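Trainee: Okay, handing you the structure first.
The values are calculated or read from the model by the stated rules, or taken from the named source; none is laboratory data. The shown structure was predicted, so the numbers you read here are calculated from the model rather than taken from an experiment. Cβ coordinates were reconstructed from backbone atoms using ideal geometry, including for glycine residues, and neighbour counts include every protein chain displayed. Protein only, heavy atoms only, side chains kept; ligands, DNA and RNA dropped before computing areas. Shrake-Rupley method; radii C 1.70, N 1.55, O 1.52, S 1.80 Å.
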Amino acid sequence: MFLEDELAIGRIRMRRISISFLVAATAFVACVAAMLGLASAARAEAQQASGQLAALVRPNDVNSGSLLFPSKEPGFYVEAPRLKTDVAIDVSGPIARVKVTQRFQNPSQGWVEGTYVFPLPENSAVDALKMQIGERFIEGRIKPRQEAREIYEQAKAEGKKTALLEQQRPNIFTNQVANIGPGEEIVVQIEYQQTVRQSGGEFSLRFPMVVAPRYNPTPIVQTVEFNNGAGFATPSDPVENRDRIEAPVLDPRENARINPVSLTVDLKAGFPLGDVKSSFHEVDIRQDGDQARAISLKGDSVPADKDFELTWKATPGKTPSAGLFREVMNGKTYLLAFVTPPTAPDAAAPAKREVVFVIDNSGSMSGQSIEQARQSLALAISKLNPDDRFNVIRFDDTMTDYFNGLVAATPDNREKAIAYVRGLTADGGTEMLPALEAALRNQGPVASGALRQIVFLTDGAIGNEQQLFQEITVNRGDARVFTVGIGSAPNTYFMTKAAEIGRGTFTQIGSADQVASRMGELFAKLQNPAMTDIAANFEGIAAEDITPNPMPDLYSGEPVVLTAELPEDKPAGKLQIIGKTGDQPWRVEMDIANAADGNGISKLWARRKIDDFEARAYERRDPAALDKDIETVALAHHLVSRVTSLVAVDVTPSRPADEPLGSAKLPLNLPEGWDFGKVFGETDGAIRRASVEPAANAAPEQVAAVASPEIATMMAAAPTAKAATLIAQKNATVNLPQTATRADEQIMRGLTMLLLALAAASGLAIWRRRIKGLVTIGAMRDGR
């Protein structure tokens, strides 16, 4: 009886154990299922939060060449948008109308926003933005800068296709295009007006193709404000919008050139044409009568790595000496006039000159640029007269005043200076301000009867232009500043404005072939007296505005070029321009009734009016009032400026609400002739580069460029590279899902199976022990 009772109790216990085990197992499975659900939800949330900004690829997965940006996930990259640009230039007399068509293509499987940093001429009046989607064109609207930015950001967040054109410098613009779908192309058209440059009987037009890397000095502390006994240092950043003028740059030693450009010019000169030449690109030229030419690049396109320059001259004896054009707009007449003053027959150069030569030998000047600069400066020194005095200052991120002051231009001193210049090499940063200060402040007083001239040879690859303009304005004294732009992509905004403020002139040298001719033109200007005291007025008419104001001085072969706004739509009277060459007065009159019709003159006047405001900004104590004056003119004439932007928005959302948006700056080419290692450094490890070999049939614009995910940073104490340009941009890095596979679920499944196996093994062991115990009890009963 006892054994039977024990067996019954054992059976009950076994059933309880089985039930308890089943309950525990069920609870465990439910817990695991809940954990799987939470993990899956967390993964989905992480994917949504991180954005899955674009489809991920590994370099080995790329079958055709692609531009790749690094992601936060090691080994994974995102395909960058691609760009192709078409340029159509129509020249009519002294005015050019230019249409720039930028085609943004998204090769990835995600939605992206592309930002392109690109140059335009420093005197361009940008007035039109169109975004093409399929067969539809969406016109851009001019708005105050902040309002345009808010419209763009809202449209971007709502999934609408949108484009924003902003000015970062008069010659640097950014175009942002948002919500480009997978495999989609968006076309953006930009249009602007500009005047043709004239000098020495030659007409020229320049279209810049690439923004060269800028050296951006670090912020400094200039003032300390005291408040309630506590001093607070106020940092002053010498580089405005430094993050907006930066872009990734490809190493040409490891990557093919990208961003192809096609370009055509329809030239209608308005006078019989002689020589028509392209300075830096091979072109096809087709004649269309004696006053017109059609110019196009040889081949379909060229990489965007150097400026395009076209020059033309009239046939002998047909060079125009004056021109007058008008446009009627909104009840007002806008005039564009130019006239080249004759050189006075008895004009003589000053008896003595004091010339301070300043040469840039920083890293950006390496390669062809430093060779052009050395040749130019050696030639200039050899042309000095024995009665002249001179000095040579060179700079990179350090500076050397070679003679420590002005010395006589003896044959011995000239030979020493030429040998010194020919031994210069290019390396380091571009700390231009100390060299400019030394040239303007530390050369001693001007000798009686002498003319002080500062000749600055540089590519101008800096971002702190305003600092340098202020230095020239405050400390120029009686000196005149002449700038010589060197290289394939110089900063012409800095060059022209520095020469204008310094009451000098600007010369541009883009190749070794131009050294002799362009420096010859400069010598003529240095050795001949300037035309000064230039003024313009209207007989019988009260002109509301004449630009530029004040009129700059002129040098040999340079014309007076002005624009004016008149209050009537049919004014009558004469334009009078007066000036002096030495002691000789000069005067010319032009009848307004003889003005020819022209297009876009009102916009050229507005652009120059804005330039006048900006040039005299240091005189204004109220920056807000200055910005308001600029905004009023820009909005009235539909112009992009420092305080106004063009924005275009498609009314229909295209990106689904649950689709995230990636963002990247489009990479740029290094300007032709630049040395990547000299600009960015090779041994400090601040910038590392890698490349992906493109497919055999990959087009040049499709070549892969993979930059390291680290952000390049430059040392402020001793800059050795163009600090502005980073090979890996922080905004080019994208947030990714935690992994590229569903590893979280796989891990949880593995853990579940392991725990279930352990639980089963434990239950089986307990069961076997209980069975063994019952068998023993049964044996004992049978033995009894």
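Trainee: Taking the DSSP beta bridges in the stretch 317-443 as the whole, what percent of them are antiparallel, to the nearest 5?
Mentor: 65
Trainee: Per residue of the stretch 643-654, in order, report the coupling 6.51 cos²θ - 1.76 cosθ + 1.60 (Karplus, θ = phi - 60°) as ³J(HN,Hα) in whole Hz, putting x for Gly and Pro.
Mentor: Computed from phi, the couplings for the stretch 643-654 are 10, 9, 9, 9, 9, 10, 9, 7, 6, 9, x, 10 Hz.
Trainee: What figure in square angstrom, to the nearest 10, would you give for the accessible area of S663 with a 1.4 Å probe?
Mentor: For S663, the solvent-accessible surface is approximately 40 Å².
Trainee: Do any GluC sites (Glu not before Pro) in the stretch 244-344 lie in a loop, going by DSSP, with at most 12 other beta-carbon atoms within 10 Å of their beta carbon, and if so which?
Mentor: Qualifying residues, ordered by number: E282.
Trainee: Okay, moving on. Using a Förster radius of 35 Å, what is the FRET efficiency between R149 and S236 based on their Cβ-Cβ separation? Nearest 0.05, please.
Mentor: Plugging the Cβ-Cβ distance into 1/(1 + (r/R0)^6) gives 0.90.
Trainee: Enumerate the calculated ³J(HN,Hα) couplings along the stretch 583-593 in order (Karplus 6.51 cos²θ - 1.76 cosθ + 1.60, θ = phi - 60°), each rounded to whole Hz, writing x wherever the residue is Gly or Pro.
Mentor: Result, ordered by residue: 9, 8, x, 9, 8, 9, 10, 9, 6, 5, 4 Hz.
Trainee: About the Cα centre of the stretch 480-618, what is the dipole size in debye to 20, counting +1 per Lys and Arg Cβ and -1 per Asp and Glu Cβ, all else neutral?
Mentor: In total the dipole reaches around 440 debye.
Trainee: If amide H atoms are built 1.01 Å from N in the plane of the peptide, which residues on other chains or at least 5 residues away come under 5 Å of the amide H of D545?
Mentor: So D545 has HN proximity to E565.
Trainee: How many Å³ per residue does the convex hull of the Cα positions in the stretch 456-560 occupy?
Mentor: 127
Trainee: Please list, ordered by chain and number, the residues whose modelled amide H lies under 5 Å from the amide H of F308; skip anything fewer than 5 residues away on the same chain.
Mentor: Amide H to amide H, under 5 Å and 5 or more residues apart or across chains, F308 pairs with F207, M209.
Trainee: Can you sort I472, I546 by solvent-accessible area, 1.4 Å probe, largest first?
Mentor: I546, I472
Trainee: Have a look at V561, V588, T492 and report the one farthest towards the positive end of the charge dipole of the stretch 451-593, computed about the Cα centre with Cβ charges (Lys/Arg +1, Asp/Glu -1).
Mentor: Farthest towards the positive end: T492.
Trainee: Quick one: which residues, 5 or more positions from W111 or on another chain, have an amide H under 5 Å from its amide H? H modelled 1.01 Å from N in the peptide plane, none for Pro or chain starts.
Mentor: G662
Trainee: Here is a follow-up. At what distance in nm do the modelled label points of D569 and T632 sit from each other, each positioned 7 Å from its Cα along Cα→Cβ?
Mentor: Simple spin-label model gives 2.4 nm for this pair.
Trainee: Dipole of the stretch 380-426 (Lys/Arg Cβ +1, Asp/Glu Cβ -1, origin at the Cα centre): which of S382, I393, A426 lies farthest to the positive side?
Mentor: The listed residue farthest towards the positive side: S382.
Trainee: If the only charges are +1 at each Lys and Arg Cβ and -1 at each Asp and Glu Cβ, what is the size of the charge dipole of the stretch 277-325 around the Cα centre, to the nearest 20 debye?
Mentor: The dipole of the stretch 277-325 has a size of about 260 debye.
Trainee: Based only on the alpha carbon positions, what is the Kirkwood hydrodynamic radius of the stretch 539-645, in angstrom?
Mentor: 15.9
Trainee: Sticking with this structure for a sec: Using Cα centres only, tell me the gap between the stretch 622-656 and the stretch 98-124 in whole Å.
Mentor: 19
Trainee: Going through the cross-link list K268/K609; K143/K628; K332/K628; K332/K609; K525/K580; K84/K298, which pairs have a Cα-Cα distance over 19 Å in this structure?
Mentor: K268/K609; K332/K628
Trainee: Using θ = phi - 60° and the Karplus relation 6.51 cos²θ - 1.76 cosθ + 1.60, list the HN-Hα couplings for the stretch 378-390 in order, rounded to whole Hz, with x at every Gly or Pro.
Mentor: 4, 5, 5, 5, 5, 8, 5, 8, x, 7, 6, 10, 7
Trainee: Please state the charge dipole magnitude for the stretch 301-342, taken about the Cα centre, from unit charges on C-beta atoms (+1 on K and R, -1 on D and E), reported in debye and rounded to the nearest 20.
Mentor: 260
Trainee: How many nm separate the modelled label positions at D412 and N594, each set 7 Å beyond the Cα in the direction of the Cβ?
Mentor: 5.9
Trainee: What does the extension gain come out to for E282 and N475, with contour length at 0.36 nm per residue minus their alpha carbon separation?
Mentor: 65.1 nm is the gain from fully extending E282 to N475.
Trainee: I'd like the FRET efficiency for V651 and A625, computed as 1/(1 + (r/R0)^6) with the beta carbon distance as r and R0 of 35 Å, rounded to 0.05.
Mentor: 0.45
Trainee: Scan the stretch 509-575 for trypsin sites (Lys or Arg not before Pro) in coil per DSSP, keeping those whose Cβ has at most 15 other Cβ atoms within 10 Å, and list them by number.
Mentor: none
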